[in-house]
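Participant: Take a look at the following structure, please.
The values are calculated or read from the model by the stated rules, or taken from the named source; none is laboratory data. In this text, all values refer to a predicted model and were calculated from it rather than measured experimentally. Cβ placement follows ideal geometry from the backbone for every residue including glycine, while neighbour counts extend to all protein chains displayed. These area figures cover heavy atoms from the full protein model, side chains too; ligands, DNA and RNA do not enter into them. Shrake-Rupley method; radii C 1.70, N 1.55, O 1.52, S 1.80 Å.
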There are 6 protein chains.
Amino acid sequence: MDTVVVKVTGKIFDDQEALRRFVDVVRELARERRVVVVAGGGRVAREAIEKAKSLGVSSNYWLDEIGIEASRLNALILVASLQPFSYPGVPRTLGEVMHGLAYSRVVVLGGLVPGQSTAAVLLEVAEAVGAREVYDLSATDYVYDKDPRTSPDARPLKVVQASKLAEWLKAGQVPGDYALLDLRALDIAARSRITIKIASYKNPGNLIEMMRGGNPGSTIIPE
Amino acid sequence: MDTVVVKVTGKIFDDQEALRRFVDVVRELARERRVVVVAGGGRVAREAIEKAKSLGVSSNYWLDEIGIEASRLNALILVASLQPFSYPGVPRTLGEVMHGLAYSRVVVLGGLVPGQSTAAVLLEVAEAVGAREVYDLSATDYVYDKDPRTSPDARPLKVVQASKLAEWLKAGQVPGDYALLDLRALDIAARSRITIKIASYKNPGNLIEMMRGGNPGSTIIPE
Amino acid sequence: MDTVVVKVTGKIFDDQEALRRFVDVVRELARERRVVVVAGGGRVAREAIEKAKSLGVSSNYWLDEIGIEASRLNALILVASLQPFSYPGVPRTLGEVMHGLAYSRVVVLGGLVPGQSTAAVLLEVAEAVGAREVYDLSATDYVYDKDPRTSPDARPLKVVQASKLAEWLKAGQVPGDYALLDLRALDIAARSRITIKIASYKNPGNLIEMMRGGNPGSTIIPE
Amino acid sequence: MDTVVVKVTGKIFDDQEALRRFVDVVRELARERRVVVVAGGGRVAREAIEKAKSLGVSSNYWLDEIGIEASRLNALILVASLQPFSYPGVPRTLGEVMHGLAYSRVVVLGGLVPGQSTAAVLLEVAEAVGAREVYDLSATDYVYDKDPRTSPDARPLKVVQASKLAEWLKAGQVPGDYALLDLRALDIAARSRITIKIASYKNPGNLIEMMRGGNPGSTIIPE
Amino acid sequence: MDTVVVKVTGKIFDDQEALRRFVDVVRELARERRVVVVAGGGRVAREAIEKAKSLGVSSNYWLDEIGIEASRLNALILVASLQPFSYPGVPRTLGEVMHGLAYSRVVVLGGLVPGQSTAAVLLEVAEAVGAREVYDLSATDYVYDKDPRTSPDARPLKVVQASKLAEWLKAGQVPGDYALLDLRALDIAARSRITIKIASYKNPGNLIEMMRGGNPGSTIIPE
Amino acid sequence: MDTVVVKVTGKIFDDQEALRRFVDVVRELARERRVVVVAGGGRVAREAIEKAKSLGVSSNYWLDEIGIEASRLNALILVASLQPFSYPGVPRTLGEVMHGLAYSRVVVLGGLVPGQSTAAVLLEVAEAVGAREVYDLSATDYVYDKDPRTSPDARPLKVVQASKLAEWLKAGQVPGDYALLDLRALDIAARSRITIKIASYKNPGNLIEMMRGGNPGSTIIPE
């Protein structure tokens, strides 16, 4: 049975309508496939990290742990709403993801370890389950060649090579928080030849479209 | 070494100043004592539960699990800010609390199991560690004999018998969400003869005062 | 697939004939359904607790832990006799019950946490798996309106409202150890609208009868 | 700090007076040493195994698991009565024993894995913690050269070589259930050169005497 | 569904061709059966133990733990090469083996606990899963009646009684490291009446032949 | 108490003399400090990965898991040789490292998760324990500005900025497998301002020298 691996931005947890439609899409998919969802931390993560900082916490280890825990809270909301298809817990390791998939249709997780983006988690899960393609319902519509917030001439890209995107990231041309993907994620995509498709979380139907071969946002090819 | 067992309302996580002072108080206490803190879920829990409900989750089991996970996120913020005194994780069972205390000065937890208030957790921890007295930095200043929100003649009580309070609770005279204590918590207090002192979270110094024998809020005696 | 949730009194472990028939009934049910069995502690629990007390253990936490461990020993006897249908272990958390059900037909557990009756465990499991009805093969035949051991005029009740029973419990009219149900269990039944059917463990066939809509003992309706 | 490793027969759990004195001895020892206690299953184990057999369980794996669980129930009684010195749980692996010793004075366990006598557990713990000598408060006073129940000329032995005892065991001259030690235990004693001292559980003070170099029962030397 | 229980000598991990054919055989078997493979430690174990010894480690507990860890590394190589049939991890307890079998076709493990041969593990797994026959792809072709390395007149045995072999082992006539089986393994075989078939690992097809009733090496009957 | 965080190349496990001296150095340090050692996989990892590949395993997830397991075997050799100072197991998560440090002087680990170099593990541990400086006993003596194997004009660097080294790595001027550090490790060093000192594993005394402020190899400053 095929396994769909998808990441959803933490932003969706503040958009009730999009969230509801996303759950519907996953439930629909779970009829015929296995689905792994990686949930971002979003506002809850940001607020919790802020609270810790205001208490004097400066250790990136602990700030990351807090962010991860927040993403797990988001993941648990999905777990509950995807019963009885979903593995009844939020895996904390890749190994647990693999176990979960052995007997559940749907597995939902948040972050895994400090110092790792959820984009990297997305690619690691894909590598572990042997997926050739992953989907990212992200906070932006497209991957751009420059930072669109500061460069009026930034162009959205329908298709981009992973190596090219990595180059821009290294050169600081596209900031990591905007490119949605860090070098770690691109590295895994490259080494295991995984295609990444990105589209806006605002239309969860994008996931279906991407799975059917469409490209409503951007496609990053492992070259 | 004595073990101080204290619950802090989830509300404190939205009151930066009170939160900071609470952390200072616990850090101070940890110099000479062991401290167990039970953190409430507060706003984060309420919001996460609302999101799940809006997705159609009606199972109280799952709603409780989500609330518990939120309280653990709050607990983790305290864990991080209480390093290196704190056990480096949020215990998920009473057994883990006991293990944590065997080698750390401070242990912070959230909820433990579905269908159990954090007040009940507070009393269970007290029973497990053998504490004779517990402290509740709560959202209200006092225990009242009636619901002060609806009864203008409600009187704050400096001292009240657990059996009397249980009676009022059973009769619905004091609503559970206001009395801060449910029957389960009162049952444990009664069977293990544990005194409960309640005071407002807004002044975390109340914890020190209560420990020294003072009674800035209400005292519930196990009779 | 439906999930049958049933509690069996610890007394059955001292009644070889009833125990054997109970195992047969569960094995039969497991052909077409999932079954969760909550086993009581019975004589083994009582004796172990007595030994601990005679050694000076007065902590209710530890006495409860010992009682729980005894109920797990009883549960393990059922696990062994229900192979290969049964999950090959005794779950220690509700989460583990859920996991077990994801790949085994039968899950058997004992108590879960200190300070919680096995009746409460029964209802919590029901809530977690979404059961609308639970069965209690108990040490008595019926729920009574008074303590039948002391009140000659106590009447067995075929049907009783949970709220009514809760009232009697609170008033001490029916002692908790006789009513078979504590307030905690009734609370969960009420909040998740779960019907409780009670019948004597001496005739394990009662379980089948109750499942088919019969009422060989008492029925507690969540009103 | 030295670690005392002692096994106590399950029989002691039916001898309130001996049990109480044993707990006193361990508590006393814990002031200056680490102590590991291996508890036998005794009557509780035997009865639970009988119940399983009467339900048709014939798998030695499951019967052993039940016996182990019973020994853990006995161990938990000791854990509770040895608070706050004791590790607050019953270890299920040698690794957990080692962890427990890293921060607790006393660790109490029962059996570990199916098909292994508690005598073998005793020796494995000794090997793991590096003890040169172990103590067995056993159901008999001495090791005999023949089965004393059937051979009137059986002689109690003050000192016996492990190799000699192994020989007798292999030849069936001393039945395993009487010799108290199986070949597995003797193997470990031999390979790690550990002396085994055996004395009656009826006088727990024997433990102190053996530790001081005395030999109130039998000594098995690793030769 | 039947469960095939097979041990493979650690030597096979240094024989690429045999290893590849063994994996093929297991994959083939997994189509219609469950398979449990117990992997030996082989050269990796020996080398790691040597390194530890050269660092002064003399504790048999730690040397065994290192050997077990090495066998787990071998097991993991098989796990990876048997995806997606294999349980995605290396079980560390018999209980975990049982869980793994509940939802995976293939489970691969190495050693379990210190002081236990992988032959004993083989028999314990057989007992746990209820297998009547186990297979040992071993470093030698046959069981001999004497040590063939030192006794020119040693005869290979096609069929041998477990009791007879045990006798020879006890008498030192066949050294344990050559007989491939220790007394512990023979004990379990005897008590649970399990037949052991041994054949050379060099021809993994022997496994199929043994399963079909053939006897390409030696058969040890539980008498 | 200070915590020394050091990585040692897997190569040292094939250099008996260096390994022995390294163990002596750590044992010495453990008298006054906490020490965390991250062990590389070395030859054992390479060989195990080769075996898996020859069996057709192409998934980077599984190849990484095998490499990690091999590094854990190396770590366990150190754990055994560093008794009784060392935490008696090999942590599998950063959280477990933190727990281990709470009650043991020495903690030894291997890799943690797939797709992460042991250099990255080194930095993550440093971040978690709050170390300002880490030590890498590596396979080479110095960090070079080019690949010394192919560029005769490569210069060893006594001091280099992390940002400069990252630049070279990105440009492919220094291959990752030679620079000993990947971008992930440099990222963490940068964000938490951790200095990295590298020196040859052949002289384990380098560790002491680096701790005392010396620079026998190269120092990478977080700028």
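Participant: Per the 1.4 Å probe, what fraction of the accessible area of the protein assembly as shown, in percent, lies on carbon and sulfur atoms? Kindly include the intermediate steps, with their values, before the conclusion.
Facilitator: Numbers: 22000 of 47790 Å².
Answer for the protein assembly as shown is 46 percent, counting heavy atoms of protein chains only.
Participant: Under a crude label model (7 Å from the Cα following the beta-carbon direction), how far is F:D153 from A:T150 in nanometres?
Facilitator: 3.5
Participant: Something else: Pull up all non-local amide H partners of F:D2: gap of 5 or more, or a different chain, and H-to-H distance under 5 Å with H placed in the peptide plane.
Facilitator: Under 5 Å from the amide H of F:D2 lie the amide H atoms of F:R34, each far enough along the sequence or on another chain.
Participant: Another one. Given the rotation relating F and B, tell me which residue in F puts its Cβ closest to the axis and the distance in Å.
Facilitator: Nearest-to-axis residue on chain F, with distance in whole Å, is F:Y103, 3.
Participant: Given a 1.4 Å probe and no ligands, DNA or RNA in the count, how much accessible surface is buried by A and B, both sides, to the nearest 100 Å²?
Facilitator: Values: alone 10480 and 10490 Å², together 18330 Å².
The summed interface area works out to 2600 Å².
Participant: Suppose we keep just the DSSP beta bridges with both residues in the stretch C:119-223; what percent of those would be antiparallel, to 5?
Facilitator: Details: 5 of 14 bridges.
The antiparallel fraction comes to roughly 35 percent.
Participant: Return the whole-Å distance between the Cα centroid of the stretch A:68-124 and the Cα centroid of the stretch D:88-148.
Facilitator: For the stretch A:68-124 versus the stretch D:88-148, the Cα centre distance is 40 Å.
Participant: Looking at chain E, what % of its DSSP beta bridges pair antiparallel, to the nearest 5? Write down the numbers at each step before the final one.
Facilitator: Numbers: 5 of 28 bridges.
Looking only at bridges with both residues in chain E, the antiparallel portion is about 20 percent.
Participant: While we're looking at this one, here's another question. Note down the accessible area of D:H99, probe 1.4 Å, to the nearest 10 Å².
Facilitator: 40
Participant: Note down the relative contact order for the stretch A:3-221 as a percent, whole number, built from C-alpha pairs under 8 angstrom at least six residues apart.
Facilitator: Working: 434 pairs, mean separation 49.3, N = 219.
Contact order relative to length: 22 percent.
Participant: A drop of at least 10 square angstrom in accessible area, chain alone versus all protein chains together, probe 1.4 Å. Which residues of the stretch E:107-139 meet that?
Facilitator: Going by heavy-atom accessible area, the residues of the stretch E:107-139 that drop by at least 10 Å² are E:V113, E:P114, E:G115, E:E124, E:E127, E:A128.
Participant: Enumerate the whole-percent occupancy of each 5 Å bin, from 0 to the last occupied one, for all C-alpha pair distances of the stretch E:22-174.
Facilitator: P(r) over the stretch E:22-174, rounded to whole percents: 2, 9, 15, 18, 17, 15, 14, 8, 3, 0.
Participant: If you count only protein heavy atoms with a 1.4 Å probe, what accessible area per residue comes out for chain D, rounded to a whole Å²? Before the final figure, lay out each step's value.
Facilitator: Values: 7960 Å² over 223 residues.
Per residue, chain D has an accessible area of 36 Å².
Participant: Tell me, what HN-Hα J-couplings in whole Hz come from the Karplus equation 6.51 cos²θ - 1.76 cosθ + 1.60 at θ = phi - 60° for each residue of the stretch E:72-88, using x for Gly and Pro?
Facilitator: Per-residue couplings from phi come out as 5, 5, 4, 4, 5, 4, 5, 3, 5, 7, 10, 5, x, 6, 7, 3, x Hz.
Participant: How much accessible area does E:W168 have with a 1.4 Å probe, in Å² rounded to the nearest 10?
Facilitator: Estimated to the nearest 10 Å², E:W168 gives 40 Å².
Participant: Taking amide H atoms as placed 1.01 Å from N in the peptide plane, list the residues 5 or more away in sequence, or in a different chain, whose amide H sits under 5 Å from that of F:T195.
Facilitator: F:E133, F:V134
Participant: Please turn the phi angles of the stretch C:201-213 into ³J(HN,Hα) values with the Karplus equation 6.51 cos²θ - 1.76 cosθ + 1.60 (θ = phi - 60°), one per residue in order, whole Hz, x for glycine and proline.
Facilitator: Those phi angles translate into 5, 5, 10, x, x, 3, 4, 4, 4, 5, 5, 7, x Hz.
Participant: For peptide C:57-67, compute the average count of partner chain beta-carbon atoms within 10 Å of each residue's beta-carbon. Walk me through the intermediate numbers first.
Facilitator: Working: counts 7, 3, 7, 7, 14, 10, 2, 4, 11, 5, 0.
Going residue by residue through C:57-67 and averaging, the value is 6.
Participant: I've got another one for you. On average, how many beta carbons from a partner chain sit within 10 Å of the beta carbon of a residue in D:192-199?
Facilitator: On the way: counts 5, 1, 0, 0, 0, 0, 0, 0.
Mean shielding by partner chains, rounded to a whole number: 1.
Participant: Another one. Sort B:E32, F:E69 by heavy-atom solvent-accessible area, probe 1.4 angstrom, most to least.
Facilitator: On the way: B:E32 140, F:E69 15 Å².
Highest to lowest solvent-accessible surface, that is B:E32, F:E69.
Participant: Something else: Tell me the mean residue ellipticity at 222 nm calculated for the protein assembly as shown from its helices only (DSSP H runs of n ≥ 4, each -39500 (n - 2.57), averaged over every residue, nearest 500). Display every interim value, and only then the final one.
Facilitator: Numbers: 54 runs with 607 residues, N = 1338.
Helices in the protein assembly as shown give a 222 nm mean residue ellipticity of -14000 deg cm²/dmol.
Participant: Here is a follow-up. If only Cα atoms are counted, what is the Rg of the protein assembly as shown, and what is its Dmax, in Å?
Facilitator: Radius of gyration, then largest Cα-Cα span, for the protein assembly as shown: 31.8, 104 Å.
Participant: Per-residue mean of other chain beta-carbon atoms within 10 angstrom of the beta-carbon, peptide B:46-54? If you can, show how the numbers build up before the last one.
Facilitator: Details: counts 0, 5, 8, 2, 2, 12, 6, 3, 6.
Mean shielding count: 5.
Participant: Using a Förster radius of 35 Å, what is the FRET efficiency between D:A171 and D:D14 based on their Cβ-Cβ separation? Nearest 0.05, please. Intermediate values should be presented prior to the final figure.
Facilitator: Working: r = 33 Å, r/R0 = 0.93.
Efficiency, rounded to the nearest 0.05: 0.60.
Participant: How many nanometers, to one decimal and shortest first, lie between the label point of D:P156 and those of its other copies, if labels sit 7 Å from Cα toward Cβ?
Facilitator: Result, one decimal in nm: 5.5, 5.9, 7.3, 7.3, 9.3.
Participant: Explain nothing, just compute: Karplus ³J(HN,Hα) = 6.51 cos²θ - 1.76 cosθ + 1.60, θ = phi - 60°, for every residue of the stretch C:23-37 in order, whole Hz, x for Gly and Pro.
Facilitator: Values, residue by residue: 4, 4, 4, 5, 4, 5, 4, 5, 5, 10, 9, 8, 10, 10, 10 Hz.
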